[in-house]
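Below: the structure, in structure tokens.
The values are calculated or read from the model by the stated rules, or taken from the named source; none is laboratory data. In this text the structure is predicted, and so the values were computed from the model without any measurement. Note that each Cβ is placed from the backbone with ideal geometry, even for glycine, and that neighbours are counted across all protein chains shown. Surface accessibility is based on the protein's heavy atoms, side chains included, excluding ligands, DNA and RNA. Shrake-Rupley method; radii C 1.70, N 1.55, O 1.52, S 1.80 Å.
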Amino acid sequence: GTAAVAADPVKLIRRIHEELGKVRYGKTKFILKYALLVSLADGSGLDFKDEQQMKFATLYGVGCAASKKGGASGKTDTKQQDEEKKNNVEPKFPKVFFDPEPIEVVPLKSSTLNRVNEVYRDLDESVLARAIENGECDALISISSDPLGINSATFKAAAKMNIPCTGSGGTSLALVSSKYGIQLCGNAGGSVATSTFTKAVSFVHALSSVWEAKYSPFYISRHTGEFHQRNMPTLKSVLEACLPAFIAVCVLLRCLDLYASNVGDFDGDVFGGLSHLKWFLEWHVLPTVCCIASAYSYAPEHGIVVLMPAAISSCVCGGSVIAALLTGRVIAYLVGRTMYACIRLKIPATMTNIIVAGGTGVFVSTLLSYSRIVVAFCALTQLIRGIIQVPMPTIRGSKIRGAGFLFGCCFFYGSKIG
């Protein structure tokens, strides 16, 4: 839900489906076949209990509504399944079947929560519970469910078929285990870290352990393909994406220089001295922007979790945007592996947040400070700046400010002639 950063329920469902495609168990391909998820539309998302049930909510579903092709997204409707079961006919689909197309998440109902819950209860009994009893499901993911109320039919069927369950929501999962005797697996009770990606990884890792299958978030998902997974940007493209920030900082610095030439001294300014602002703009703003942009470009699935360590580590880049770009790349690499290590070690969610979002940034900052790598990058950055700003000889009385002017003319001419 929005209170736990995973704000988009559609993205959460699709991410779980994509992570299931990374489970390796022979030629078997795992998919999210059925799903029902209610999300409040006032910013509460999945993390708020509405006693009055009058808030506006939306019910999203997978496999519970007719698809565009006219059939159910589960390949076979429940009526046909019942007929096959009565006639002792083997169903046309196995427990896990190949589904090369992306998952289809359909908004089934948007209304007040009490009306949405009525639709949910009907689908829970007629679709989810029946699918579990027919042996179509190998596991169950519960996210802040209602085991004794709306979701009771599903959990009764899960207990009958003895399938494992994982998810989040400590109170509801405690009822699932105590009232129905369903096996809980993984770090059930809290969503590891706070992003959609980390929740999905936590759920799928727990289920793969029960299935005795291989899984890693760094595998290539069979639902998306190799090209989608490895289409990483280059550092050059990340630097180009930061161009608006560079232009804004350069213009602001120029305005400060003009102000200083007219006023005479920054320190006498009524705002407490603009010299500190100029120093901050020259040495910290652009490295911070580059570090955060680099970290997010290489690990967008982690969302805000990757931004915090990037912001911490950028403080030791010494004004070098080259060091900031490489630091962001290192942060993106370490955050995913640190998060997955915490999941495998079953570290609680709060401590995982501290380790991933805070500890990674502190570790990288300490490593950069004591390794003296930043000094080399700062020297390289100053060399490039010196080449660009080197004064040029006066031509017919016209003074060219630096070699950067000639570089700009050269690239501008090259872009025009192709």
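In the context of the full set of protein chains, residues of region 117-170 present 39 Å² of accessible surface per residue (probe radius 1.4 Å, heavy atoms only). So, in nm, how far is label M232 from label R121 when the simple model puts each one 7 Å beyond its Cα toward the Cβ? The modelled label-to-label distance comes out at 5.1 nm. Report the label-to-label distance for N114 and I387 in nanometres (one decimal), using points 7 Å from each Cα along the Cα→Cβ vector. The two pseudo-label positions are separated by 7.2 nm.
Taking amide hydrogens as placed 1.01 Å from N in the peptide plane, the amide H of K109 sits under 5 Å from those of L59, each at least 5 positions away in sequence or on another chain.
Converting phi to 3J(HN,Hα) with the Karplus coefficients 6.51, -1.76 and 1.60 and the offset θ = phi - 60°, region 370-380 yields 8, 7, 6, 5, 4, 4, 5, 5, 5, 5, 5 Hz in sequence order, with x at every glycine or proline. Among the listed pairs K55/K214; K160/K214; K11/K278; K22/K55, those with a Cα-Cα distance over 31 Å are K55/K214; K11/K278; K22/K55.
Counting only the Cα atoms, region 295-395 fills a convex hull of 98 Å³ per residue. Which residues in region 118-141 place their backbone N less than 17 Å from a point set 7 Å from the Cα of M54 along the Cα-to-Cβ direction? Counting backbone N atoms under 17 Å from the label point, the list is empty.
Per residue, the convex hull spanned by the Cα atoms of region 274-313 measures out at 57 cubic angstrom. Summing charges over neighbours of E212, with a neighbour being any other residue whose Cβ is under 14 Å away from its Cβ, gives +1 when K and R count +1 and D and E count -1. So if we plug the beta-carbon distance of I247 and I417 into 1/(1 + (r/R0)^6) with R0 = 25 Å, what FRET efficiency do we get, rounded to 0.05? In this case the efficiency is close to 0.55. Phi angles of region 383-390 translate, via the Karplus equation with coefficients 6.51, -1.76, 1.60 and θ = phi - 60°, into HN-Hα couplings of 5, 5, 5, x, 5, 5, 9, 4 Hz per residue; Gly and Pro are given as x.
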